[in-house]
Amino acid sequence: MSARRSVRAAVGLALSVTFLALTGCASEGADGDGADRPLVVVSTNILGDVVGEIVGDEAEVVVLMQRDADPHSFQISAREAARILDADLIVSNGLGLEEGLQQNLDAATTDGVRSITAGELIDPLEYSAGDAAGAPDPHFWTDPARMIDVVEGVARELEDTDGIDGAAIADNAAAYLTQLEALDAEMTAAFSAIPAERRQLVTNHHVFGYLAARFDFTVIGAVIPGGTTLAAPSASDLDDLVSAIEKAGVTTIFADSSQPDRLVQVLADEASIDVDVVALFTESLGEPGGGAGTYLQMMRSNTELIATGLSP
């Protein structure tokens, strides 16, 4: 246990005893032995799933973002914010994604908590259009090849974490990298069946830049002309998008399942265009058993839906 954690534990002992007496809960991880293992805190649930695969049983992994949440806007409780400060390692997405969490991450870094930002492990793309043009795009997980870089970088950091067996981390990472390579091959095969003229994407906001670059798609536009769901489209934005859809002959547009698709449906129903609206898991994992319970499941489900939606 670090000196920082020991000092905090001593200072908060009386409060902890009172809290436990009132709630009857143990100050441990979900499996009952979290206090004996290093603590890894992960910001988003997509990264949380990936980090969990790398960590295995070597540490307690706490994921801050709930399933079906929006990474751009989710926030955490005061209790969760305090627990971040006790982490042995924080793993975050970065590149401006966690807008509602950034102050907590910055506070932990200032307090000396070790952290790694996944966005610094890849070669990021910039948004090419819309309100966010020129800013780095944080949605790199839509490209499994970049996730390979993330896994390798996070694994190196975990191997250097006190109390963690580096050899076990290396073995876990190698096994997961094999799965990512298989995913990349499956996506390549599925998308290769889509005619070039139909590889055109319209989404609720700009989330597929990395997928488009990796698998040779063209992003026609987005209902929200920016990289965050916190923005809002103007009437002229929607008019421009309708014109682009009509010119390109797009027949399917995609809405993220974690966000209401009202604007997308309005675009489909009232803008004099005949398109289907397909919901994808792009910003967040879904509940287990729903087709997107893990990162690998999410990517496979989205691949099938995109390939089906854009095929003749």
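Things worth noting here:
- Some residue of segment 145-164 being surrounded by fewer than 16 Cβ atoms within 10 Å (Cβ to Cβ), touching a residue at least 40 places away in the same chain (Cβ under 8 Å) and farther than 27 Å from ALA212 by Cα: yes
- Looking across segment 33-85, the residues that are surrounded by 21 or more Cβ atoms within 10 Å (Cβ to Cβ), among the β-branched types (Val, Ile, Thr) and within 26 Å of MET299 (Cα to Cα) come down to VAL40, VAL41, VAL42, THR44, ILE46, VAL50, VAL51, ILE54, VAL55, VAL61.
- Every residue from segment 224-256 that is part of a loop (DSSP other than H, G, I, E, B), among the small types (Gly, Ala, Ser) and at pLDDT below 75: GLY226, GLY227, ALA231, ALA232, SER234
- Residue match in segment 142-153 (condition: at pLDDT below 95 and either under 30 Å from LEU238 (Cβ atoms) or in contact with a strand residue (DSSP E or B) (Cβ under 8 Å, 6 or more places away or on another chain) (or both)): no
- Yes/no for VAL113 being in contact with a Phe, Trp or Tyr (Cβ under 7 Å, 6 or more places away or on another chain) and of a type in the set (Val, Ile, Thr): no
- So GLY221, is it at pLDDT below 85 and touching a Leu at 6+ places or on another chain (Cβ under 6 Å): yes
- Test: residue in segment 262-273 that is modelled with pLDDT of 85 or more, open to solvent by less than 10 Å² (accessible area, probe 1.4 Å), out of contact with any Asp or Glu (no Cβ under 7 Å at 6 or more places or on another chain) and among the aliphatic types (A, V, I, L, M): no
- No other residue among LEU183, LEU177, LEU201, LEU211 is of a type in the set (A, V, I, L, M) and either in a strand (DSSP E or B) or at pLDDT below 85 (or both) apart from LEU201.
The values are calculated or read from the model by the stated rules, or taken from the named source; none is laboratory data. On a predicted model such as this, the values are computed, not experimentally measured, just so you know. Using ideal geometry, Cβ is built from the backbone for each residue, glycine included, and neighbour counts are taken over all protein chains shown. Surface areas here come from the heavy atoms of the whole protein model, side chains and all, with no ligands, DNA or RNA. Shrake-Rupley method; radii C 1.70, N 1.55, O 1.52, S 1.80 Å.
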